[in-house]
1. Can you tell me the length gained on complete extension of the stretch Ile213 to Glu13, counting 0.36 nm per residue apart and subtracting the Cα distance?
2. Quick check: the angle from helix 31-46's long axis to the longest principal axis of the chain, C-alpha only, nearest 10 degrees?
3. Among all the lysines, which ones have a C-alpha under 26 Å from Lys267's C-alpha, if same-chain residues fewer than 8 places away are not counted?
4. Using the alpha-carbon atoms, what tilt in degrees (0 to 90, nearest 10) does helix 302-316 show relative to the longest principal axis of the chain?
5. What distance in nm separates the simple spin-label points at Thr20 and Ala100, each placed 7 Å from Cα in the Cβ direction?
6. Grab the beta carbon distance between Glu311 and Asp81, set R0 = 41 Å, and tell me the FRET efficiency rounded to 0.05.
7. For Arg273 and Leu187 in the same chain, what is the full-extension length gain: residue separation times 0.36 nm, less their Cα-Cα distance, in nm?
8. What angle do you read, to the nearest 10 degrees and between 0 and 90, between the alpha-carbon axis of helix 200-210 and the longest principal axis of the chain?
Amino acid sequence: MTFDPQAVAAAGERLRAARTVSVVSHVSPDGDAVGSALGLTLALRAAGKRVTVALADGVPACCRHLPGAETVVSRGDPEADCKVFVDCGDRDRGGKAWQADWPVDINIDHHKTNTRFAGVNLVAPGAVATAAMLAELLPRWGLEITPEAASALLTGMLTDTIGFRTSNITAHALRLAADLVDRGAPLSELYFKALVERSFEALRYWGQGLSRIRREGGLVWTSLTLEDRKISGYGGNDDADLVGYLVTVRGAAIGVIFIEQNNGTVKVSWRARPGWDVSGVAVRFGGGGHAPASGATVSGSLAEVQARVLEATRALL
């Protein structure tokens, strides 16, 4: 992994000098958001720092077993000596955890659409996960990766690579993961918790979405409504990771899922096979992400948003 040496040094200096740190990641957090935030938090706490870790939407079920998950709050600390965003393409993605006029000191991320919004920006689009970046950076900053921090970071890598199955996996990434295992992260247990285990309600929720799945050439899509959540008893406002399975359809190039929200918006997630880049479409709708995985939150009714997004995605295909 290639980093700007000046940015690495500047970030390390700010973290070492800080007595208090605020760590924030994005709304609707995935495993990399949680794993990166907790991995950094636990390493800093082991060094004697007082750390506030904030996620506007809390910790998803797949990550609640991780050490430190119970300390996550919904709002960051603007008075902290050092304010850090991890796995966040732009500052607005922090949601209610961070006000727009609060400064950000360090931005650590691997999204190609990152807007470089902090005082120090460590952005590596080639990294398989932000957690992988931290697995390499923490020792450089003299911070210990404890077994607990290793578990958080390995979870971030596992989830963003779907169990080391994405096309951007490298030997270097696998060596970083092996080092985390050597540091005490239980690979098989973390894999099962993050990628295999599901609640009964989540499977019922999937059933609602799968019942209306559609296909048009290389495009596969479906939707999840507020009524689906009510019928299934699913408590989240996400897709319970269903989108990743849409693109596994034989012959599919791009999968899209639309999740109706109760505030007049629709969450949209895209997944793509190697060779396709959906990040540009997501940016058009105010979102961002990676070539194979991107998302956006779009204002409008489910029918309106679906029509607009599908038209733009068809144009890409």
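Please treat every number below as a calculation from the coordinates, not as lab data. Please read all numbers here as calculations on a predicted model, not as lab measurements. So basically every Cβ, Gly included, is an ideal-geometry build from the backbone, and we count neighbours across all protein chains shown.
1. Taking 0.36 nm per residue and subtracting the Cα distance, the gain is 66.9 nm.
2. 10 degrees
3. Filter leaves Lys96, Lys112, Lys193, Lys230.
4. The angle comes out near 80 degrees.
5. Each label point lies 7 Å from its Cα, and together they span 2.6 nm.
6. Efficiency computed from Cβ-Cβ geometry: 0.30.
7. 28.4 nm
8. Approximately 50 degrees, to the nearest 10.
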